[in-house]
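One structure is given here, and the rest of the page talks about it.
The values are calculated or read from the model by the stated rules, or taken from the named source; none is laboratory data. Please read these numbers as outputs of a predicted model, since none were measured by experiment. When we count neighbours, we look across all protein chains shown, and the Cβ atoms used for this are built from the backbone with ideal geometry, even at glycine.
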Amino acid sequence: MIDIVKTSPYLDQKMGTAGLRKKTSIAMQKNYFENFMQSIFNTIPELSKKSFLVGGDGRYYNAIAIQKIIKIAAANGVKKLYVGKDGLVSTPASSHILLKNHLDGSFVLSASHNPGGIDGDFGIKYANASGGQCQPSESAAIFEQTKTITEYKIVDCPDFDLSEIGTFKCNQTEIEVIDPYVDYIQLMQSIFDFNSIKKLLTSGFRFVFDAMNGVTGPYAKKIFEEILGAPKGTVLNGKPLEDFGGLHPDPNLIYAKSLVDLMYSDKAPDFAAANDGDGDRNMILGKQFFVCPSDCLAILTNNYKLIPAYKNGIFGVAKSAATSLAVKHVAEALKIGYYEVPTGWKYFIHLMDTNRITFCGEESFGTGASYIREKDGIWATLFWLSIIAKTHKSIKEIAVTHWQQYGRNYYLRNDYEAIPQDIADKLMADLEQKLPALTGKTLKGYTISKAHPLIYNDPVDNTSTKNGLIIHFTNGSRIVYRLSGTGTIGATLRVYIERYVTDKLLEDPQTMLKDLEEVSRIIADIPARTNKEKPDIIT
Ligand code: G16
């Protein structure tokens, strides 16, 4: 039986950089999730011909939300839903399953790298038929629906068992519970030379993979331990947990602290990687060595020939504006296309669809390629293992060789968190106003050559997006300011700072960027406006 439930709108359901992201307690309010799902379905025509994938990273409230999606989809006459067994699917695997089966979209229940649990965060990533997150025009249409919604439809029936592979019906909608691992694993096998990685991992080479109690645990155990022969125990925190075992599943120097401590200790293995809650972000570490994500993109691009799937050539490479210029040097040397887009993986999609790029990446611990339309932490890990297997170099040697060839873009991100939204908005608006007057000014020895908002013109749908303010200095250094689109408490001001050098390759980034960090605070008047002398988080 279909219930038509009368409801009233929640006015805060605007999607950010990657879908809707909220405190779990907000998402659990009466009708909140239902309103949002109905709003999405209201924007999709001919639902009786449409098929979607549903899954998530296993966080708290997913199990309940997945049942709601099934019942709302069925009440709206959706043709078919594919649901990951146990409600699990990683974000990269979801993109592959969607593309492989020519589905019309997917709903991945995840707040990505944000903490989980009843006191943590909840989220929904909505991807369209492209395999990647919906475009800004689609999220705007959904937001409009959320503001006027008066009712939603839901089938009144008991919950479904998602623990076994199989098919069943809910009203007229076919539900197929699928293995969320097998297709993705085959995809990885088609890209990388598994034999050479297996040789490495069974040769005494010491590697650990930290799944941070997120969804990549089962994928990683199957790939690294069962198929590639790494010893049992290689995968740390490998069981998806509703609250990530209390971890903040963000693979960076702050939140993957135990892994970082291990890699800077005497017991450090040769190589470590960590993935975030839904498996799209990655952090790469060597012995006493951290690979900055911007460098990661540059190094992978420079080594594309080592990977079977890319050895015949790649189209080009793209990065978000906030990401350092390291990969630009590589693109110029390789004479491949180079693009700079706003923050958000969705902006890479048209570049991939039109064969302008093969690789792309972001400073926010994301790298990936055009085999899917999301970033991919396990792909990045396999890529690094392949480079090590083929070059027999350590992570540090690979990075240092790279800097010797191209120079080094020292890079840091300063995050000022939980700023009242109005203060953050005013800071950005005032800074934008004063950008033209900054040209020619010198601060702490850095002279500004130009300053402008990033305005991106999409080459396919001709839309234009504004995201972030960029200050260039005469010596190739840059500062980029933008507000995060994934936070759930107030506003987070992100300030991205980079300095390019061709000597002094092995210095501490904090030392190299000390003055420029100070300059970033002066230019935007950060301490006076935010009451913060220093950033809350530096990565
Ligand atoms: C999401 C997007 C990324 C983007 C990041 C930015 O990451 O998928 O493409 O770089 O947000 O976050 P913020 O707006 O906070 O700087 P994820 O891993 O949360 O999906």
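Odds and ends about this structure:
- Within the range 212-262, restricting attention to residues that are modelled with pLDDT of 95 or more and of a type in the set (Val, Ile, Thr), the residue that is farthest from Trp384 (Cα to Cα) is Val215.
- Residues in the range 232-246 that are out of contact with any strand residue (DSSP E or B) (no Cβ under 9 Å at 6 or more places or on another chain) and either among the hydrophobic types (A, V, I, L, M, F, W, C) or within 22 Å of Val260 (Cβ to Cβ) (or both): Lys239, Leu241, Asp243, Phe244, Gly245, Gly246.
- Residues (of a type outside the set (S, T, N, Q) and under 17 Å from the mean Cα position of the chain (by Cα)) located in the range 109-127: Leu109, Ala111, His113, Pro115, Gly116, Asp121, Phe122, Gly123, Ile124, Lys125, Tyr126, Ala127
- Ser130 vs. criteria under 17 Å from the mean Cα position of the chain (by Cα), within 13 Å of the ligand (Cβ to nearest atom) and either assigned by TED's automatic domain parsing to the domain that holds Ser484 or polar (S, T, N, Q) (or both): no
- Pick from the range 6-34, criterion farther than 27 Å from Tyr347 by Cα and of a type in the set (S, T, N, Q), ranking: nearest to the ligand (Cβ to nearest atom): Thr24
- Residue match in the range 297-317 (condition: of a type in the set (D, E, K, R) and either touching a strand residue (DSSP E or B) at 6+ places or on another chain (Cβ under 8 Å) or in contact (Cβ under 8 Å) with a residue 24 or more places away in the chain (or both)): no
- Condition met for Val317 (surrounded by 20 or more Cβ atoms within 10 Å (Cβ to Cβ), touching a Lys or Arg at 6+ places or on another chain (Cβ under 7 Å) and either under 21 Å from Arg206 (Cα atoms) or not small (Gly, Ala, Ser) (or both)): no
Yes/no per residue for (1) at pLDDT below 95; (2) more than 30 Å from Leu285 (Cα to Cα); (3) assigned to a loop (DSSP other than H, G, I, E, B); (4) among the small types (Gly, Ala, Ser):
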site: Ala127; (1), (2), (3), (4): no, yes, no, yes
site: Phe143; (1), (2), (3), (4): no, yes, no, no
site: Thr167; (1), (2), (3), (4): no, yes, no, no
site: Lys199; (1), (2), (3), (4): no, no, no, no
site: Phe209; (1), (2), (3), (4): no, no, no, no
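- The range 369-423 - residue that is farther than 22 Å from Asp278 by Cα and of a type in the set (Phe, Trp, Tyr) and, of those, surrounded by the fewest Cβ atoms within 10 Å (Cβ to Cβ): Trp403
- Scope the range 33-50; condition surrounded by 20 or more Cβ atoms within 10 Å (Cβ to Cβ) and either more than 20 Å from Glu151 (Cβ to Cβ) or among the hydroxyl-bearing types (Ser, Thr, Tyr) (or both); matching residues: Ser39, Lys50
- Matching entry among Lys85, Lys71 (being farther than 16 Å from Thr24 by Cβ, crowded, with 21+ Cβ neighbours inside 10 Å, more than 16 Å from the ligand (Cβ to nearest atom) and charged (D, E, K, R)): Lys71
- Within the range 182-202, not a single residue is among the polar types (S, T, N, Q) and closer than 30 Å to Gly485 by Cα.
- Meets criteria (in contact with a Lys or Arg (Cβ under 8 Å, 6 or more places away or on another chain) and closer than 25 Å to Thr486 by Cα) for Ala111: yes
- Test set (1) in a loop (DSSP other than H, G, I, E, B); (2) buried (at least 16 other Cβ atoms within 10 Å of the Cβ); (3) hydroxyl-bearing (Ser, Thr, Tyr) - Ser163 fails condition number: (2)
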